[in-house]
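The values are calculated or read from the model by the stated rules, or taken from the named source; none is laboratory data. Treat the numbers as computed from the prediction; the structure is a model and nothing was measured. Counting neighbours? That spans all protein chains shown, and the Cβs are built from the backbone with ideal geometry, glycine included.
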Amino acid sequence: MRDRCGHGGGGGCGGKRLTRPWRFLGTVLALCLAVLAVSTQGRALAAKASGAGCPDGPAASFTAPSPGTAGTFALFSDVHFSPFAAPALVPALVTAPVAEWRDILAKAPAGLPPYGQDSNDALFQSFLSDMAERVPNPNFLLFPGDLLCHQFWTLYPKLTGDHTQAGLEAFIQKTVEYFFGEVARYFPGVPVYVALGNNDSVEGDYRIRPESPYLALTAQATALLLPNEASRADFLGTYPQYGCYAVTLPEAGGLRLIVINNVFWSVKYPDPGLGAAVLTFLERELSGARARGEKVWVMAHIPPGDDALSDARKQGHKGEARYKPFLVEAQNDAYVRLLTDYAPIIRASFAGHVHRDDLRLIPGPDGTPVGGMRLAPSISPVTGNNPGYQVYSYDRDSLAVLDVVTYSLDLATGKGWRQEYDYSETYGRGLRDPGDWQATYRDLGTCPARRAAYAKFFDLGSKHIDDVTEADFPAFWRAMAAPTRTVWEAWKAPAELVR
């Protein structure tokens with residue numbers, strides 16, 4: 001969010017009372033002119049950074065009507081926390097109560113994980129500390145899943161010698177309780193809303209079952225993150241079956257948040273028939289919200305459409321684009337149909353999974369977007385990206401998302417967390433309406449500077465990997481606007497790329 005100028009009470013700027021009114025007025029006038037100059041210069045620099053001649057949208061697309069209607073929340077995803085990062089400490093973690101884990105993990109060798117590894121406790125603490133410093137009082141936090149590290153189910157027996165399912169499940173439960181306990185320690189009293197990722201299970205990657213032990217083991221720890229007994233009752237009424245739930249957010253003006261576990265729809269899930277119950281849940285909740293006149297946000301782990309990163313890499317090797325879906329086609333299409341049919345009440349959608357900063361447009365029957373979905377970067381640098389999290393502003397009256405600032409940690413330089421970019425300053429408009437999303441999407445083709453910004457921020461400025469090049473950008477451009485195979489195959493660029 002943009003820094004805004006303000007004055008606190010109790011003694012003025014310099015600590016001494018000004019006795020001459022004309023001096024006071026002169027000082028105020030000088031300050032106002034200075035603030036105006038800085039603001040104008042900042043906007044000019046932002047416009048220059050976003051590319052000369054690139055059109056900007058209205059300020060209303062990224063600002064609330066009044067300070068009283070402005071809300072803030074933070075979003076982080078794909079932490080992939082590894083309690084195994086310091087193998088020598090694992091036996092102590094197995095026997096110790098969760099309350100002692102922080103002290104045990106503090107004995108690990110210093111340093112953040114390199115590219116190609118999941119989050120150790122140092123990175124986990126670093127990100128939470130930075131986020132709490134930058135946004136100490138968000139209305140709430142969103143976490144679209146993947147709490148556990150990769151290969152958790154093989155690392156546990158390898159490092160402990162315990163090959164029992166009971167031992168694995170007990171250690172997973174302690175890991176989850178430690179994870180959420182630390183989030184709550186940095187953000188006391190702040191509600192946290194959680195989706196499940198494909199690594200979040202006791203059965204293995206993409207292997208969670210209905211009524212999985214993971215759901216039973218984590219239900220209470222997750223429920224404690226919710227704001228009141230009514231939310232906990234709603235959560236506990238459905239979460240233990242499939243990991244789905246819907247709750248009302250009193251801190252966000254009565255918004256209805258629907259959280260689904262769409263790992264059951266993944267093309268990597270062994271029994272796609274089990275995903276029907278999740279679709280039924282989503283449709284029932286959307287229908288009920290519409291009947292009650294409620295506005296809705298939807299959160300899941302896996303986005304619809306094409307795996308653009310994989311698609312781009314395939315093009316580089318074979319010279320042709322091929323659609324590689326994240327989700328089983330029938331369930332993907334049903335998901336997008338629900339997002340389209342209920343677009344009048346859905347104010348925002350969120351996903352993780354890709355470990356990159358990206359988006360999806362949800363097209364209506366005539367191809368014009370009726371909604372959009374933000375895809376979150378990851379904390380884990382396992383795929384070569386820099387770690388990152390996001391801070392959003394939203395309109396508490398309309399419940400539309402307005403703007404987002406992304407913060408990242410450059411692992412290559414070790415210089416610490418920094419602001420990666422401000423969305424509205426970079427792209428010249430915000431996120432309030434589907435038309436704003438569509439305009440930004442078109443600008444990526446016609447404004448080379450904005451396209452370069454998208455490429456840089458996609459993997460959070462990582463020098464370790466170059467995901468988006470000028471040659472393969474069309475694959476990403478296509479995936480943004482094509483959440484189904486049918487739309488992907490019929491896609492035509494909205495404008496000729498300006499080089």
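Here is a yes/no grid of residues against (1) within 30 Å of Gly254 (Cβ to Cβ); (2) at pLDDT 95 or above; (3) charged (D, E, K, R); (4) buried (at least 17 other Cβ atoms within 10 Å of the Cβ):
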{"position": "Asp395", "(1), (2), (3), (4)": "yes, yes, yes, yes"}
{"position": "Asp403", "(1), (2), (3), (4)": "yes, yes, yes, yes"}
{"position": "Arg429", "(1), (2), (3), (4)": "yes, yes, yes, yes"}
{"position": "Gln438", "(1), (2), (3), (4)": "yes, yes, no, yes"}
{"position": "Leu444", "(1), (2), (3), (4)": "no, yes, no, yes"}
{"position": "Ala493", "(1), (2), (3), (4)": "no, no, no, no"}
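Listed here are the residues, each with its yes/no results for (1) closer than 28 Å to Leu249 by Cα; (2) in contact with a Leu (Cβ under 9 Å, 6 or more places away or on another chain).
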{"residue": "Pro157", "(1), (2)": "no, yes"}
{"residue": "Ala166", "(1), (2)": "no, no"}
{"residue": "Ile172", "(1), (2)": "no, yes"}
{"residue": "Phe179", "(1), (2)": "yes, yes"}
{"residue": "Ala184", "(1), (2)": "yes, yes"}
{"residue": "Tyr206", "(1), (2)": "no, no"}
{"residue": "Tyr214", "(1), (2)": "yes, yes"}
{"residue": "Ala223", "(1), (2)": "yes, yes"}
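Residues in the stretch 43-56: is at least one modelled with pLDDT of 95 or more and outside any strand (DSSP E or B)?
Checked against the condition, which is being modelled with pLDDT of 95 or more and outside any strand (DSSP E or B), the stretch 43-56 yields at least one hit.
Could you please give the count of residues in the stretch 128-155 that are in a helix (DSSP H, G or I) and buried (at least 22 other Cβ atoms within 10 Å of the Cβ)?
The qualifying residues number 2.
Please find, within the stretch 464-489, the residue that is farthest from Gly435 (Cα to Cα) out of those that are outside any helix (DSSP H, G or I) and of a type in the set (Val, Ile, Thr). Break it down stepwise before answering.
Residues of the stretch 464-489 outside any helix (DSSP H, G or I): 464-472, 481-484.
Okay, now just the ones that are also of a type in the set (Val, Ile, Thr), so 465, 468-469, 484.
On the way: Ile465: 32, Val468: 25, Thr469: 26, Thr484: 20 Å.
Checking each candidate, the answer is Ile465.
Considering every residue within the stretch 398-421, establish whether at least one is outside any strand (DSSP E or B) and of a type in the set (Phe, Trp, Tyr).
No: zero hits.
Would you confirm, using the coordinates I've provided, whether Gly288 is of a type in the set (Gly, Ala, Ser), without any contact (Cβ under 8 Å) to a residue 60 or more places away in the chain, out of contact with any Cys (no Cβ under 6 Å at 6 or more places or on another chain) and more than 30 Å from Pro138 (Cα to Cα)?
On the way: of a type in the set (Gly, Ala, Ser): yes; without any contact (Cβ under 8 Å) to a residue 60 or more places away in the chain: yes; out of contact with any Cys (no Cβ under 6 Å at 6 or more places or on another chain): yes; more than 30 Å from Pro138 (Cα to Cα): no.
Taking the combined requirement at face value, the residue does not satisfy it.
Give me the residue from the stretch 450-469 that is without any contact (Cβ under 8 Å) to a residue 24 or more places away in the chain and of a type in the set (A, V, I, L, M) and, out of that set, surrounded by the fewest Cβ atoms within 10 Å (Cβ to Cβ).
Ala452
Quick check on the stretch 156-195: of everything there that is among the hydroxyl-bearing types (Ser, Thr, Tyr) and within 18 Å of Ala99 (Cα to Cα), which residue is surrounded by the fewest Cβ atoms within 10 Å (Cβ to Cβ)?
Per the stated criteria, the residue is Tyr186.
Those residues that are assigned to a loop (DSSP other than H, G, I, E, B), farther than 17 Å from Gln165 by Cβ and more than 18 Å from the chain's Cα centre (by Cα), I need them from the stretch 192-224; list them, please.
Tyr206, Pro210, Leu224
Only one of these conditions is not met by Ala449: (1) aliphatic (A, V, I, L, M); (2) part of a loop (DSSP other than H, G, I, E, B); (3) more than 13 Å from the chain's Cα centre (by Cα). Which number is it?
Exception for Ala449: condition (2).
What single numbered condition from (1) within 22 Å of Gly372 (Cβ to Cβ); (2) charged (D, E, K, R); (3) assigned to a strand (DSSP E or B) fails to hold for Lys492?
(3)
Being in contact (Cβ under 8 Å) with a residue 24 or more places away in the chain, over 30 Å from Ser380 (Cα atoms) and out of contact with any Gly (no Cβ under 6 Å at 6 or more places or on another chain), is that true of even one residue in the stretch 479-488? Please lay out each step first, then the result.
In the first step, residues of the stretch 479-488 are kept if they are in contact (Cβ under 8 Å) with a residue 24 or more places away in the chain; the result is 479-488.
Still in the running and over 30 Å from Ser380 (Cα atoms): 486-487.
Narrowing further to those that are out of contact with any Gly (no Cβ under 6 Å at 6 or more places or on another chain): 486-487.
Taking every residue of the stretch 479-488 in turn, at least one turns out to be in contact (Cβ under 8 Å) with a residue 24 or more places away in the chain, over 30 Å from Ser380 (Cα atoms) and out of contact with any Gly (no Cβ under 6 Å at 6 or more places or on another chain).
Yes or no, residue by residue, for (1) over 21 Å from Ser378 (Cα atoms); (2) at pLDDT 95 or above; (3) surrounded by fewer than 24 Cβ atoms within 10 Å (Cβ to Cβ):
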{"site": "Asp307", "(1), (2), (3)": "no, yes, yes"}
{"site": "Ala321", "(1), (2), (3)": "yes, no, yes"}
{"site": "Glu329", "(1), (2), (3)": "yes, yes, yes"}
{"site": "Val336", "(1), (2), (3)": "yes, yes, yes"}
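Restrict the check to the stretch 79-91 and report whether at least one residue is surrounded by fewer than 21 Cβ atoms within 10 Å (Cβ to Cβ) and among the small types (Gly, Ala, Ser).
Scanning the stretch 79-91, I find at least one residue that is surrounded by fewer than 21 Cβ atoms within 10 Å (Cβ to Cβ) and among the small types (Gly, Ala, Ser), so the answer is yes.
Condition first: under 18 Å from the mean Cα position of the chain (by Cα), modelled with pLDDT of 95 or more and closer than 30 Å to Asp466 by Cβ. Can you find one or more residues in the stretch 264-280 that meet it?
No, the stretch 264-280 has no match at all.
Scan the stretch 228-246 and give yes if some residue there is in contact (Cβ under 8 Å) with a residue 60 or more places away in the chain and not basic (Lys, Arg), otherwise no. Spell out the reasoning first.
At the first step, the residues of the stretch 228-246 found to be in contact (Cβ under 8 Å) with a residue 60 or more places away in the chain are none.
No.
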